[in-house]
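Enquirer: What follows is a single structure, and I will ask about it in a moment.
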Amino acid sequence: MKARIKLGTAQTPDGGELALCQHDRDFYITINGHDLMHSRQFESELELARLGCRHLAASAAPRVLIGGLGMGYTLRQALDLLGPDARVVVGELVGAVVEWNREFLGALNGRPLEDPRVEIQLGDVVALISNSAGRFNAILLDIDNGPDPLTDAGNRRLYGSEGLHACRRALAKNGCLAVWSVAPNRKFEHLLMRCGFQVRRFRVAAGKGSKSQSRFIWVASEDKSVLPPGGGEPRLPEKKAPDRYRRGPRRR
């Protein structure tokens, strides 16, 4: 049996170790020894681009932001869906991930970083989004494990009200925000709605095959008509009406 080979390591902002590993023909990105993503399961990353860019089918020159490069699958799918005049900005916090894609992972998906439509911006994606008012027709977020961060606790800013309001401001008219997650998160759904979004929730397969695990994608927009069909429609919990007839303590 072949051993898993560590091809490179990098430190996350909160001191964790991110590593790229290879076992036979498969590649893995791990965080502190735990698998974060691997090259056998990428169907949900493709679906993130399909759902988040569906409304751009007829757009001549859309502008798309992908938060988190990963292994490049979402970027590859977005490029395949978009026309020759599209522009795709990839925000990536860890520079080593970009280098791993160029050196080791590009052959998995047609070397998308070599596409002239792609621009890489290293650094905090929240800062990038906050300085991009009305710039993007779609924002696709696949940072960490989703709203419940595993890699960097600082990612909570992105999935909190600060980050979601920044995303809403960064979207052009009729733009869509799509968010990938390893697990369901009702609290996050409610926060999306409280930040002014109409929301659809999609349960998708992590990979191909009937035994594949599920992943979750939310697509959100101010305009409900541009959301992809299907999925679930989250609703805010109803507020309980005050009990006007509840008796207080009896006076003596």
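Enquirer: Please figure out what share of the DSSP beta bridges in the chain is antiparallel and state it in percent, rounded to the nearest 5. It would help to have the intermediate numbers written out before the result.
Expert: Working: 30 of 49 bridges.
Counting only bridges with both partners in the chain, antiparallel ones make up about 60 percent.
Enquirer: I would also like to ask the following. Taking the alpha-carbon set of the chain, what are its Rg and Dmax in Å?
Expert: Both quantities, over Cα of the chain: 20.0, 83 Å.
Enquirer: So what does log10 I(q)/I(0) come out to for segment 121-215 at q = 0.11, 0.20 Å⁻¹, using the Debye formula with one equal point on every Cα and no solvent?
Expert: With no solvent term, the Cα-only Debye profile gives -0.33, -1.03.
Enquirer: Additional query: Summing Lys, Arg as +1 and Asp, Glu as -1, what charge do residues with Cβ under 13 Å from the Cβ of ALA178 carry, ALA178 excluded?
Expert: Numbers: positive: ARG50, ARG54, ARG200, ARG201, ARG215; negative: GLU45, GLU47, ASP142.
Net charge in that neighbourhood comes out at +2.
Enquirer: Put one equal scatterer on each alpha carbon of segment 75-175, apply the Debye formula with no solvent term, and list log10 I(q)/I(0) at q = 0.09 1/Å to two decimals.
Expert: So the normalised log intensities work out to -0.24.
Enquirer: Considering only Cα-Cα distances, which of the following residue pairs are longer than 22 Å: LYS187/LYS208; LYS2/LYS208; LYS173/LYS224? All intermediate terms of the calculation are to be shown ahead of the outcome.
Expert: Numbers: LYS187/LYS208 29 Å; LYS2/LYS208 24 Å; LYS173/LYS224 12 Å.
Exceeds cut-off: LYS187/LYS208; LYS2/LYS208.
Enquirer: Further question: Which ³J(HN,Hα) values, rounded to whole Hz and listed in residue order, are derived for segment 105-113 from phi using the Karplus coefficients 6.51, -1.76 and 1.60 in 6.51 cos²θ - 1.76 cosθ + 1.60 with θ = phi - 60°, glycine and proline given as x?
Expert: Taking θ as phi minus 60°, the curve returns 9, x, 5, 5, 9, x, 6, x, 5 Hz for segment 105-113.
Enquirer: Going by average Cβ density within 10 Å per residue, which order do the peptides 120-128, 221-229, 75-83 take, highest to lowest? Mind showing how you got there, number by number?
Expert: On the way: 120-128: 16.8, 221-229: 14.9, 75-83: 20.8.
Packing order, densest peptide first, comes out as 75-83, 120-128, 221-229.
A short reminder: the numbers here are calculations on the coordinates, not readings from a lab. None of the values given here were measured: they were computed from a predicted structure. Note that we place each Cβ from the backbone using ideal geometry, even for glycine, and neighbour counts take in every protein chain shown.
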